[in-house]
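Heads up: the structure comes next, in structure tokens.
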């Protein structure tokens, strides 16, 4: 089996994902309005903003759940292949463009074992190797070799998210934080070029959030995978993100590194309702340097 931590990378100056003038309308409602940004390989790009800012709608466009009204989304693979996501149905974005996603609400197969959940994620690879069941039924090497590699990959990711000892448990019996980690492991079993996470820290306590941050930095640093996430936990965002895009009422209002974004008056106004030039409340102003310090230390 190949070394799982030695995947090829895109040159750092080449965007993994380029979103250009993306607009999504629902009748008279403009949920995303002329948004453009880039996300790079081996980086964590966070999309943040107040509730109703259009973050999940943007994700739904990128991952094929919605077809955008206007705009272009280009995904570039390490081998140079390009995919125009706005022209692809959702299943092709997952299978061919290699984009994996988790959701705000946990979507595991609760009655299956932890290991089985990760094997299901590799279904397409296994069914192809089985010759659509014939080689699997006959136990031919063309299938058994791929099946063995799939089990190894599943165990590798269970070990990385500290769930290997629970491989035989029903997924629905895991604690909430462990289920969150299992979802990420399942997504990584598809060996994605880009991993999209919709509020992965939602409902986690501080210890679980720290565990999540460790997993995501491992995926970025050791697997050179581009991570795109929506998140409301600013301690997570500012600590691990390389790039932050801020939305408000469907428009992009800021775009840059965490230090730039946290000091952007437009971002402060969007979150706190403060007018430009006004002083922040002392308890909030006191927290910002510490958040910035954690972000710089994690850079």
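Hey, could you check the stretch 192-219 for residues that are outside any helix (DSSP H, G or I) and free of Cβ contacts under 8 Å to residues at least 60 places away in the same chain and say which is nearest to residue 238 (Cα to Cα)? I'd like the intermediate steps shown before the answer.
Pass one, the stretch 192-219, residues outside any helix (DSSP H, G or I): 192-205.
So of that shortlist, the ones also free of Cβ contacts under 8 Å to residues at least 60 places away in the same chain come out as 201, 203-205.
Numbers: 201: 13, 203: 18, 204: 17, 205: 17 Å.
Filtering first and then ranking leaves 201.
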What are the residues in the stretch 166-191 that are in a helix (DSSP H, G or I), touching a helix residue (DSSP H, G or I) at 6+ places or on another chain (Cβ under 8 Å) and within 25 Å of residue 95 (Cβ to Cβ), if any? 171, 179, 180, 181, 182, 184, 185, 186, 188
If only one of 183, 199, 208 is in contact with a strand residue (DSSP E or B) (Cβ under 7 Å, 6 or more places away or on another chain) and at negative phi, which one is it? 183
Scanning the stretch 56-103 for residues that are at positive phi and more than 14 Å from the chain's Cα centre (by Cα), the one surrounded by the most Cβ atoms within 10 Å (Cβ to Cβ) turns out to be 64
Of all residues in the stretch 220-244 being out of contact with any strand residue (DSSP E or B) (no Cβ under 7 Å at 6 or more places or on another chain) and in a helix (DSSP H, G or I), the one that is surrounded by the fewest Cβ atoms within 10 Å (Cβ to Cβ): 221
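Conditions (1) modelled with pLDDT under 95; (2) buried (at least 17 other Cβ atoms within 10 Å of the Cβ); (3) farther than 19 Å from residue 105 by Cβ, marked per residue:
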| position | (1), (2), (3) |
| --- | --- |
| 145 | yes, no, yes |
| 148 | yes, no, yes |
| 152 | yes, no, yes |
| 164 | no, no, yes |
| 170 | no, no, no |
| 191 | yes, no, yes |
Counting only residues that are within 16 Å of the chain's Cα centre (by Cα) and either outside the structural domain of residue 255 (by TED's automatic domain parsing) or buried (at least 18 other Cβ atoms within 10 Å of the Cβ) (or both), how many does the stretch 38-55 have? 11
Sole residue being in the same structural domain as residue 69 (by TED's automatic domain parsing), modelled with pLDDT under 70 and in contact with a helix residue (DSSP H, G or I) (Cβ under 9 Å, 6 or more places away or on another chain), chosen from 250, 203, 226, 277: 277
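The values are calculated or read from the model by the stated rules, or taken from the named source; none is laboratory data. Here the structure is a predicted model, which means the values were calculated and not measured. Quick reminder, even Gly has a Cβ in these numbers, built from the backbone with ideal geometry, and neighbours come from all protein chains shown.
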